[in-house]
Amino acid sequence: MLTLNYRYQLYPNTAQEQTLIEWMEICRGAYNHALAQIKDWCNSRKCLIDRCSLEKEYILPADLKFPGEVYQLNNLPKAKKEFPKLQEVPSQVLQQAIKQLHHGWEYFQSRGFGFPRFKKYGQFKSLLFPQFKENPVTNLHIKLPKIGAISVNLHRPIPSGFVVKQVRILRKADRWYASVNIQCDVSIPDPVPNGHPIGVDTGLEKFLATSDGLRVLPPKFFKKLQSELKLLQRRLSRKQKRSKNYEKQRLKVARLHHKIDNTRKDFHFKQAHALCDTADMVFMEDLDYRISAKGMLGKHMLDAGFGQFRTIVKYVCWNRGKFFGEVDARGTSQECPECGGEVKKDLSVRVHHCPHCNYVTDRDVAAGQNIRNRGIVLISTTGLVGKETACADGLPGVEVTKSRQVSKSRKGRTRKSLK
Ligand SMILES: [Zn+2]
């Protein structure tokens, strides 16, 4: 089964835009209400049943069950009678809002932190249409229930043999997008490691350095756009909240954020394709960039978006049939790629000079070569079926990299799991 997500820009007319915004608001309301139910239930179970709850505890009947997903979904029809506004939204879309909440809830339960939060105005930004009887996408329009055909820029056609499974409508700044989930019933073998290997080291001094000696400097637009953003944000801070001018300025900031996002992604894709042009196997570090983003250079780490870059490289490799692997990142900059000896150097030393074998090269290139060496070891020890093959489980930006943070399982877990 091959699953892909294609994103197209949408051009809803004013009425359609209003409807979509209204739907998001209604879904947000349902989401918040469902979350409030869960929160009330949890709070009411915090003291023992036979004690009097003195403060902050809501008293709910003791035999009241936890408001689970099925329960809340089944209550939607009842709620619709009471609040006719809920009927305006296609029912499946409304159900997805509840499912989204419970998805977050399950995730919270499994890792022990990240309690779902209430969504404020404007924080509910997408609508998922989970099912279609017939293909909703034509060359000019996407046809959605209850709202009709919305103009779309189908800049690339949906490949033949693929079926549209889901459509997610996204709102970014003042633009609208449709993320179309398509599936095809073929199985594609994972790329087999062979051919020319490269190791890729990423960093702030150079955006990336490969073991072949290729170095790419961080692009200038990062800095330029950041200073532009600073200016706009400063202007925003001087506007009076909730005023018309504030709203105008807020939109400008949002648009710029969106632009930075797009520029960065474009740059990442181009770099990833350039890497695939030169190599048949690509190895990268398995760093969790979120840890380093907490350090002093955190802002710059986040701005470069290394995590997204790795996801994109992985995807591009998979797309072009190249092998992708992740290797242990520990000490790649402190090792000599030629003799394997340890060469201590701090961040300011930009040249790798090995005292053991007199190997001299650029610091980042040396790190890249170490990564390549480790990658070769990795595929020869795990055999041809490397564990870390790039697979089609998600597209850039969708996938969540696993956190290295170890969560302690909470002792006082909510009683749903104890029961
Ligand atoms: Zn050496």
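Things to note:
- A 1.4 Å probe run over the protein chains yields, for region 197-384, 54 Å² of accessible area per residue, whole-number rounding.
- For region 2-184, carbon and sulfur atoms together expose 52% of the accessible surface, with a 1.4 angstrom probe and every protein chain in place.
- Amide hydrogen neighbours beyond the local backbone of His141, cut-off 5 Å, H modeled: Val152
- Seen from Leu128, the other residues with C-beta closer than 9 Å to its C-beta sum to a net charge of +2, counting Lys and Arg as +1 and Asp and Glu as -1.
- Where region 2-184 is the region considered: accessible area per residue in Å², 1.4 Å probe: 59 Å²
- Here Glu228 and Leu60 are evaluated by their C-beta separation; at R0 = 45 Å the FRET efficiency comes out at 0.30.
- Accessible surface of Thr14, taken over heavy atoms with a 1.4 Å probe and every protein chain present, rounds to 100 Å².
- Computed over the chain: relative contact order in percent, which uses C-alpha pairs under 8 Å that are six or more apart: 18 percent
- Solvent exposure, largest accessible area first (probe 1.4 Å, DNA, RNA and ligands not counted), of Thr332, Thr138: Thr138, Thr332
- Cβ-based net charge around Tyr8, under 12 Å, with every Lys or Arg adding one and every Asp or Glu removing one: +4
- Net charge, Gln100 excluded, C-beta distance under 12 Å - Lys, Arg +1, Asp, Glu -1: +3
- The charge dipole of region 1-126, taken about its Cα centre with unit charges on the Cβ atoms of Lys, Arg (+1), Asp and Glu (-1) only, comes to about 220 debye.
- Ranking Thr278, Thr361 by solvent-accessible area of protein heavy atoms (1.4 Å probe, all protein chains present), from largest to smallest, gives Thr278, Thr361.
- Rolling a 1.4 angstrom probe over region 225-362 with all protein chains present gives an accessible area of which 52% lies on carbon and sulfur atoms.
- Karplus-derived 3J(HN,Hα), 6.51/-1.76/1.60, for each residue of region 352-360, Hz, glycine and proline x: 8, 10, 8, x, 7, 10, 6, 7, 10
The values are calculated or read from the model by the stated rules, or taken from the named source; none is laboratory data. Values in this document were obtained by computation on a predicted structure and should not be read as measured data. Using ideal geometry, Cβ is built from the backbone for each residue, glycine included, and neighbour counts are taken over all protein chains shown. When the accessible area is computed, the model is the full protein with side chains, heavy atoms only, and any ligands, DNA or RNA have been set aside. Shrake-Rupley method; radii C 1.70, N 1.55, O 1.52, S 1.80 Å.
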